[in-house]
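**Student:** Below is a structure I'd like to ask you about.
The values are calculated or read from the model by the stated rules, or taken from the named source; none is laboratory data. All values reported here derive from a predicted model rather than from experimental measurement. With ideal geometry, Cβ positions are generated from the backbone for all residues, glycine too; neighbour counts draw on all protein chains shown. Protein only, heavy atoms only, side chains kept; ligands, DNA and RNA dropped before computing areas. Shrake-Rupley method; radii C 1.70, N 1.55, O 1.52, S 1.80 Å.
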Amino acid sequence: MPTEELRDVAARYLMQTYARQPISIVRGRGTKVYDLEGREYIDFVGGIAVNILGHGHPDLVHAIQRQAALLIHTSNLYYTEPQVKLARMLVDHSFADRVFFCNSGAEANEAAIKLARRYSYDKYGAGRHEIITMTNSFHGRTMATITATGQEKVQKGFEPLMPGFAYAPFNDFGAIEGMVNEKTAAIMLEPIQGEGGVHIANRPYLKNLRELCTQKDILLVFDEVQTGMGRTGTLFAYEQLGVEPDIMTLAKGLGGGMPIGACLATESVAAVFTPGSHASTFGGNPLACAAALTVCRVLLEGSVLDQAKRMGEYLAKGLADCKERYRVVRDVRGLGLLQGLELEIDAKAVVADCLARGVLVNATSERVLRFVPPLVITQAEIDTLIETLTMIFKRRAVSEKDTHH
Ligand SMILES: Cc1ncc(COP(=O)(O)O)c(C=O)c1O
């Protein structure tokens, strides 16, 4: 279907929940995608931090093809090897002892919220159920996770929200210390707020949170849906930030493009989930798990994590140079290959300019460009991104001057 027609049909038949870029992507290879007209784009969006091995990674394609031919789905009424092996792999490489599988980030966070409430209920009885999350956070689009999300714009019009949530300013330990009370069951945050504009939790803050949580038996929940699976240069962001959570959620990169989410926890916390307490029909199905297992193997056995770290530093440096040179750039923030560029201007216009020049980037919050490419992005591709941004900022600086004189 020609792109124009596809847009018209989409406008007629899809619920209009997304403002889409005007291209139809038909194919991907490595760090590049191709539209219907054959135009090539360097992909700095990576399916929003999902395609960590790039597009069409041969090991991933092979694993999916092989498993699809063998068994796609059979439910959690039976054992399947890919699921059990994936759980063991995640446990072997994290703080956690047990894993629950589901299908998305929001669903992983739902599991985390239920797990935290049940832990507190079993140990302390009813009433100690409150979860403190952060302003400007993002945890998903289900009712519980929009409530957990500390941004009015995702909640408005969907009230009544879920009871039992409170919001603290990010990176402000004094504030959260003042909010914790006899009702508090958990503190939940992203180690780096992704959707909220790329803000990193600082180490002393996290250390204080960890101590407070341990002291009061409050569960510390890290939402690593965006930061996990090598995005920041280590398998999980918490490894670089000096503290371990009690519960961690994953999705996005975990399946390298196959939909899968996971909620990981320590033994004493995980133990409160017993048969019947939580479930998901598709959760951990063999096809998704075979994909995720391959993603984990490639990350852990190859040089991808190292590359992500090096390329992350290279990208951060390129963006920092942009900040030095162009007034329109206000700030650069990030870790590894999760980088944000805060602008003086609307980021959406820059997204469109980049698209026209063959580079996919994404705006998160009004004025922040976010870069979450496949972890196999190369130095030359980062150079192209920086040149493209430079060209755009230069043109904008000139036109700004023109309008001022
Ligand atoms: C930190 C974080 N948590 C949760 C989610 C929700 O994940 P999903 O869209 O898979 O439900 C996102 C998605 O952007 C995210 O960035």
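**Student:** Would you kindly calculate the translational diffusion coefficient of segment 330-405, applying Stokes-Einstein with the Kirkwood radius from alpha carbon pairs, for 25 °C and a viscosity of 0.890 mPa s, and quote it in µm² s⁻¹ without decimals?
**Tutor:** Details: Rh = 13.1 Å.
Once the numbers are plugged in, D ends up at 188 µm²/s.
**Student:** Which of the trypsin sites (Lys or Arg not before Pro) across segment 285-315 are loop residues per DSSP, with 13 or fewer other Cβ within 10 Å?
**Tutor:** Numbers: sites: 297, 309, 310; in loops: none.
Taking segment 285-315 and a limit of 13 other Cβ atoms within 10 Å, no loop trypsin sites (Lys or Arg not before Pro) are found.
**Student:** Loop only per DSSP, at most 13 neighbouring Cβ atoms within 10 Å: give me the trypsin sites (Lys or Arg not before Pro) in segment 86-136, ordered by residue number.
**Tutor:** Values: sites: 88, 98, 114, 117, 118, 123, 128; in loops: 128.
Sites meeting the loop and neighbour criteria: none at all.
**Student:** State which stretch of the chain is the longest one without any exposed chymotrypsin sites (Phe, Trp or Tyr not before Pro), exposure meaning a DSSP loop state and at most 14 other Cβ atoms within 10 Å. Numbers along the way, then the final one.
**Tutor:** On the way: sites that count: 18, 78, 79, 158.
Between the exposed loop sites, the longest stretch runs 159-405.
**Student:** At most 13 other Cβ atoms within 10 Å plus a DSSP loop assignment makes a site exposed; report the longest stretch of the chain without any exposed GluC sites (Glu not before Pro).
**Tutor:** Numbers: sites that count: 37, 182, 344, 366.
That gives 183-343 as the longest site-free run.
**Student:** Additional query: Need one number: nm distance between label points at residue 378 and residue 93, each 7 Å from Cα along Cα→Cβ, rounded to one decimal.
**Tutor:** 2.5
**Student:** Along segment 152-159, what does the Karplus equation 6.51 cos²θ - 1.76 cosθ + 1.60 (θ = phi - 60°) give for ³J(HN,Hα), rounded to whole Hz, x for Gly and Pro?
**Tutor:** 4, 4, 8, 9, 4, x, 10, 5
**Student:** In whole Hz and in residue order, list the ³J(HN,Hα) couplings for segment 315-332 that follow from phi through the Karplus curve 6.51 cos²θ - 1.76 cosθ + 1.60, θ = phi - 60°; x for Gly and Pro.
**Tutor:** 5, 4, 5, x, 5, 4, 4, 4, 5, 4, 8, 10, 4, 5, 8, 9, 7, 10
**Student:** Using only Cα atoms, tell me the angle between helix 105-124 and the longest principal axis of the chain; keep it within 0 to 90° and round to the nearest 10.
**Tutor:** Once rounded, the angle reads 20 degrees.
**Student:** Helix 379-404 versus the longest principal axis of the chain: what is the Cα-based angle in degrees, 0 to 90, to the nearest 10?
**Tutor:** Helix 379-404 and the main axis of the chain meet at about 60 degrees.
**Student:** Obtain the nm distance between the two label points defined at residue 71 and residue 156 by a simple spin-label model: each point lies 7 Å from its Cα along the Cα-to-C-beta direction.
**Tutor:** Simple spin-label model gives 4.9 nm for this pair.
**Student:** Going down the table (153/348; 153/216; 323/394; 317/394), which pairs top 23 Å between alpha carbons? Could the numbers behind the result be given before it?
**Tutor:** Details: 153/348 18 Å; 153/216 32 Å; 323/394 12 Å; 317/394 18 Å.
In this structure, 153/216 exceed 23 Å between Cα atoms.
**Student:** Find the accessible area per residue for segment 116-203; the probe is 1.4 Å, ligands and nucleic acids are left out, and the unit is Å². Before the final figure, lay out the partial values.
**Tutor:** On the way: 3930 Å² over 88 residues.
In whole numbers, segment 116-203 has 45 Å² accessible per residue.
**Student:** When each pair of different Cα atoms in the chain is counted once in the 1/r mean, what is the Kirkwood radius in angstroms, to one decimal? Can you show the working numbers first?
**Tutor:** Values: mean 1/r = 0.0453 Å⁻¹.
That comes to 22.1 Å for the chain.
**Student:** While we're looking at this one, here's another question. Based on a Kirkwood Rh over C-alpha pairs, give the Stokes-Einstein translational diffusion coefficient of segment 217-348 at 10 °C and viscosity 1.306 mPa s in µm²/s.
**Tutor:** Details: Rh = 16.9 Å.
Approximately 94 µm²/s, per Stokes-Einstein.
**Student:** Give me the number: length gained by fully extending residue 61 to residue 331, i.e. 0.36 nm times residue separation minus the C-alpha to C-alpha distance, one decimal in nm.
**Tutor:** Numbers: separation 270, 0.36 × 270 = 97.20 nm, distance 3.82 nm.
My answer for the length gained is 93.4 nm.
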